[in-house]
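**Student:** One structure, as structure tokens, below. Some questions next.
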Amino acid sequence: MFTCNGKILKNLIIVESPTKAKTIKNFLGKNYTVIASKGHIRDLPKSSFGIKIEGQTFTPEYRVSKDHSAIVKEMKELAKNADQVYIATDEDREGEAIGFHIATAIGRDPNELPRIVFHEITKTAITHALENPRKLDNSSINAQQARRLLDRIVGYKLSPLLSSKIQKGLSAGRVQSSTLKIVVDREKEIRAFVAEEFWSIDALFNKTIEASLVEFEGSKIEKMTISEGGKANAIKAKLALENFSVALIEKKERESSPSPSFMTSTLQQSASSALGYSPKKTMMLAQTLYEGVKTHQGVQGVITYMRTDSLNVSKEAIEAAREQIVTLYGKAYLPEKPRFYANKSKGAQEAHEAIRPTILEFTPAIASEYLKPDELKLYALIYNRFIASQMNNARFESQTLLFESKSGKFKASGRKLLFDGFYKAYGDNDKDKLLPDLSLGQSVALTHIEANQHFTEPPSRYSEASLIKKLESLGIGRPSTYAPTVSVLTAREYITIEKKQIVPTEVAFSVTELLEQHFPQIVDSSFTSNMEERLDLIAEDKEDWQAILWSFYEPFEAQIAKGKTGIESQKVVVFTGEICPDCGKELVRRKGRFGEFIACSTYPTCKYTQNLSKPKLPEQEKVTLEVPCPECGGAIIERKSRRGVFFGCGNYPKCKFISNHEPTAKKCPECSYIMSKRELRKKEIYECIKCKHKEDA
């Protein structure tokens with residue numbers, strides 16, 4: 001608390017999220033006002049380029065967005081009456097930049113306002129942050145500003161070119177386009193894949209032991225070795241006549257180590273595979289858990305900051321975890337020394353902790369009384385992973401049996417868990433497969449043998465989780481960009497998600513091929529990764545952000561200018577031979593953002609269109625009613641839509657009569673309009689199509 005001449009000073013804390021503001025306010029006294037900026041309050045304008053370029057200098061023209069004007073006005077008023085204003089946005093580059101824009105918008109010097117940071121929203125963390133304020137980090141602000149301007153340059157310059165050369169509504173992005181190429185390249189591999197046949201020989205010994213042929217007449221049997229069914233059946237027939245005995249008994253003790261606490265990418269991957277959550281849903285739930293939820297100790301954040309590529313964990317948190325392990329599971333599960341993990345993520349640079357629970361007493365069992373079901377599942381995943389990361393290894397015994405005959409050898413494998421270790425907290429998906437106790441040289445009966453045909457399979461499509469893992473390994477993007485990148489590609493209809501697999505649309509191939517040919521750096525993962533590294537250097541104050549922008553902009557602008565005249569249009573117009581029903585001119589088939597459609601060749605003079613994704617009902621399937629249309633006297637036709645059957649005038653679109661229920665010749669006694677016949681509460685009734693008067697049928 002701050003005082004001056006005995007007077008208590010008023011303090012204003014500005015955060016990003018209303019939930020975060022509410023949680024922090026719970027920890028502080030009446031002398032603190034906490035307000036949320038509700039995210040970015042200033043950005044480049046949507047309707048123009050918004051970057052002034054003079055020589056080799058880039059000046060962004062930021063604007064306060066209309067939907068943030070009221071909150072900016074409120075922050076200005078509160079700041080005028082505050083003795084101290086604190087910037088408390090998230091501690092990453094984006095949060096640093098938001099803090100800069102907040103200070104500028106309220107008319108304060110960004111270099112003068114105290115900046116407080118915390119990785120968890122607990123009373124202890126907030127109090128510590130207020131006691132140890134710092135200044136805004138200009139290098140991080142410049143790095144984020146460079147990223148924003150790079151993305152604006154690519155999107156603003158390249159998207160219109162794609163729209164003019166391929167189809168309207170297309171977009172490109174620095175991270176978006178290189179990610180799309182990864183998806184498209186995988187799909188090309190799948191389409192080009194040619195399956196190859198191979199066979200395996202599998203057997204059952206002593207009625208219970210499953211084994212596979214690993215050697216035949218002195219040669220090892222590996223995948224693709226037996227390529228023909230005839231050869232496989234000949235081997236099977238020969239082995240079926242032979243006697244087998246135990247040639248090898250091998251038991252080895254192995255250990256399995258726990259994984260480190262989650263960072264953003266691994267949380268998204270695990271939540272996808274274990275819970276079926278999309279990256280977007282995972283981050284929304286994690287944001288809620290971080291900003292504050294009800295607990296047995298009041299409202300507070302129950303996990304640390306969820307956008308991180310760090311595996312670091314504070315010593316205090318590790319010690320608390322070790323105490324909790326002894327309490328929950330006993331000393332046998334506690335290693336002699338704490339575990340520390342090295343970060344292998346390419347380009348990892350953020351100074352946060354890994355994602356962990358903030359209150360270990362708030363166990364998943366207790367949390368079940370306070371959290372919503374989806375929140376609880378994600379919290380339990382984070383909690384158990386953190387506890388498991390500080391537990392002893394699991395130990396198991398791997399078992400191998402080799403059955404030998406005159407011509408071949410079969411191998412059987414088993415597994416026996418000796419000590420569950422960290423599995424106690426995090427679970428073990430692998431069930432024991434125990435082999436029976438046999439002795440060396442013992443005869444075993446071959447009770448069943450078969451030759452099984454297989455085909456090599458193409459590489460699998462990316463899931464959202466595996467794509468994020470790929471992006472992380474290549475150094476494309478950062479923790480805050482993984483989920484939004486997938487969301488943008490989906491929203492732009494470059495990809496679809498089918499049975500959790502990412503499938504590129506046909507327009508994705510066209511866009512990627514054009515970019516590969518004329519803008520190779522935009523889709524080059526190495527280029528994108530190297531740019532991320534250069535942004536890191538800006539954040540470390542080792543590179544000049546203006547110089548990096550110019551080194552990209554100058555050749556890119558030349559490519560854009562060349563592409564406007566040098567790239568041939570890929571738009572294809574195909575005349576259908578049919579006549580436009582509105583103006584009599586010929587119809588053409590065109591491509592749009594939502595796929596192919598039929599349109600008048602005189603567009604925009606005539607705006608007739610027909611969506612090919614909703615084909616008209618074939619004439620032979622139409623049912624014409626004997627009741628004439630009450631509007632124009634034409635025929636009423638039974639039609640079908642995604643929502644089911646309905647009835648409309650055959651003169652549509654000139655006549656727009658429509659009914660959800662079958663029209664009849666019966667006239668309404670109230671308004672004389674025709675009535676429809678339908679079922680209501682298991683009873684047939686007549687209902688007027690116009691005034692809705694009802695009577696029994």
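**Student:** For the stretch 282-368, what is the convex hull volume of the alpha-carbon atoms per residue, in Å³?
**Tutor:** Dividing the Cα hull volume of the stretch 282-368 by its residue count gives 119 Å³.
**Student:** Percent relative contact order of the chain, based on C-alpha pairs within less than 8 angstrom and at least six residues apart?
**Tutor:** Relative contact order here is 14 percent.
**Student:** Would you work out if the stretch 53-149 is rounded, prolate or oblate? Take a ≥ b ≥ c from the square roots of the eigenvalues of the alpha-carbon gyration tensor; rounded if a/c is under 1.5, else prolate when a/b is larger than b/c, oblate otherwise.
**Tutor:** Since a/c reaches 1.5 but b/c is at least a/b, the shape of the stretch 53-149 is classed as oblate.
**Student:** So, one more: Could you sort Asp109, Asp185 by accessible area so the largest value comes first, with the probe set to 1.4 Å? Write down the numbers at each step before the final one.
**Tutor:** Details: Asp109 70, Asp185 50 Å².
The ranking, largest first, comes out as Asp109, Asp185.
**Student:** Can I ask one more? Stick to the Cα atoms of the stretch 350-445, pair each with every other, and give me the Kirkwood hydrodynamic radius in Å at one decimal.
**Tutor:** On the way: mean 1/r = 0.0582 Å⁻¹.
Averaging 1/r across every pair of different Cα atoms and inverting gives 17.2 Å.
**Student:** Counting only residues 5 or more places away or on other chains, whose amide H sits under 5 Å from the amide H of Ser676 once H atoms are built in the peptide plane?
**Tutor:** Here the answer is Thr664, Glu687, Cys688, Ile689, since their amide H atoms fall under 5 Å of that of Ser676.
**Student:** Hey, how many Å between the Cα centroid of the stretch 248-265 and the Cα centroid of the stretch 488-530?
**Tutor:** Answer, in whole Å: 36.
**Student:** With every protein chain left in place, what is the accessible area per residue of the chain in square angstrom, probe 1.4 Å?
**Tutor:** 52 Å²
**Student:** Here is the link list: Lys236/Lys411; Lys181/Lys280; Lys123/Lys469; Lys411/Lys431; Lys76/Lys123. Which ones come out longer than 25 Å on Cα distance? Provide the component values of the computation, followed by the final result.
**Tutor:** Working: Lys236/Lys411 15 Å; Lys181/Lys280 21 Å; Lys123/Lys469 35 Å; Lys411/Lys431 19 Å; Lys76/Lys123 27 Å.
Beyond 25 Å between Cα atoms: Lys123/Lys469; Lys76/Lys123.
**Student:** Turning to a different aspect of this structure: I'd like the trypsin sites (Lys or Arg not before Pro) in the stretch 134-231 restricted to DSSP loop residues with at most 11 other Cβ atoms within 10 Å, sorted by number.
**Tutor:** Sites meeting the loop and neighbour criteria: Lys207, Lys223.
**Student:** Hey, which lysines would be in cross-link range of Lys157, C-alpha to C-alpha under 18 Å, not counting anything within fewer than 8 residues on its own chain?
**Tutor:** Of all the lysines, those that pass the test against Lys157 - Cα under 18 Å, at least 8 places apart if same chain - are Lys46, Lys52, Lys165, Lys168, Lys562, Lys564.
**Student:** When we measure straight from the Cα of Lys571, which aspartates and glutamates land under 20 angstrom away, once same-chain ones fewer than 8 places off are left out?
**Tutor:** The qualifying aspartates and glutamates are Glu493, Glu506, Glu513, Glu516, Glu586, Glu596.
**Student:** Specify whether the C-alpha gyration tensor of the stretch 509-568 places it in the rounded, prolate or oblate class, a ≥ b ≥ c being the square roots of the eigenvalues: rounded for a/c under 1.5, otherwise prolate if a/b is larger than b/c and oblate if not. Please list the in-between numbers first.
**Tutor:** Values: a/c = 5.08, a/b = 1.83, b/c = 2.78.
Oblate, because a/c is 1.5 or more while a/b does not exceed b/c.
**Student:** Right, next: Where does the stretch 282-438 land on Rg/Rh, using Cα atoms and the Kirkwood Rh?
**Tutor:** Value, to two decimals: 1.12.
**Student:** Here's another thing I want to ask about it. Grab the DSSP H runs of the chain that are 4 residues or longer, score each as -39,500 (n - 2.57), total them, divide by all residues and round the 222 nm result to the nearest 500 deg cm²/dmol.
**Tutor:** Values: 19 runs with 238 residues, N = 697.
One gets -10500 deg cm²/dmol as the mean residue ellipticity at 222 nm.
**Student:** Something else: Taking a ≥ b ≥ c as the square roots of the eigenvalues of the Cα gyration tensor of the stretch 462-534, is the shape rounded (a/c under 1.5), prolate (a/b larger than b/c) or oblate? It would help to have the intermediate numbers written out before the result.
**Tutor:** Values: a/c = 2.09, a/b = 1.12, b/c = 1.87.
The shape class here is oblate.
**Student:** What list of ³J(HN,Hα) couplings, whole Hz, do you get for the stretch 50-62 from phi and the Karplus terms 6.51, -1.76, 1.60, once you set θ to phi - 60° and write x for glycine and proline?
**Tutor:** Computed from phi, the couplings for the stretch 50-62 are x, 10, 8, 10, 10, x, 10, 10, 10, 10, x, 9, 6 Hz.
**Student:** Roughly how much of Val64 is accessible, in Å² to the nearest 10, using a 1.4 Å probe?
**Tutor:** 60 Å²
**Student:** Roughly how big is the chain's charge dipole about its Cα centre, with Cβ charges of +1 (Lys, Arg) and -1 (Asp, Glu), in debye to the nearest 20?
**Tutor:** Details: 102 positive and 89 negative charges, 425 e Å.
Value, rounded to 20: 2040 debye.
**Student:** Further question: Which of the helices in the chain, when you take each full DSSP H run, stretch at least 20 Å along the axis at their Cα atoms and have an average Kyte-Doolittle score of -1.0 or higher?
**Tutor:** Result, helices passing both filters: 138-165, 174-192, 315-329, 373-389, 525-539, 545-566.
**Student:** Related question: Provide the net charge surrounding Leu150, with neighbours chosen by a C-beta distance below 12 Å and charges set as Lys +1, Arg +1, Asp -1, Glu -1.
**Tutor:** Net of charged neighbours comes to +4.
**Student:** Let me ask something else about it. State the percentage of accessible surface on the chain attributable to carbon and sulfur atoms; use a 1.4 Å probe and exclude ligands, DNA and RNA.
**Tutor:** 49 percent
The values are calculated or read from the model by the stated rules, or taken from the named source; none is laboratory data. Since this is a predicted model, take the numbers as computed values, not measurements. Cβ atoms come from the backbone with ideal geometry, glycine included; neighbour counts cover every protein chain shown. The accessibility values were calculated without ligands, DNA or RNA, using every heavy atom of the protein model including side chains. Shrake-Rupley method; radii C 1.70, N 1.55, O 1.52, S 1.80 Å.
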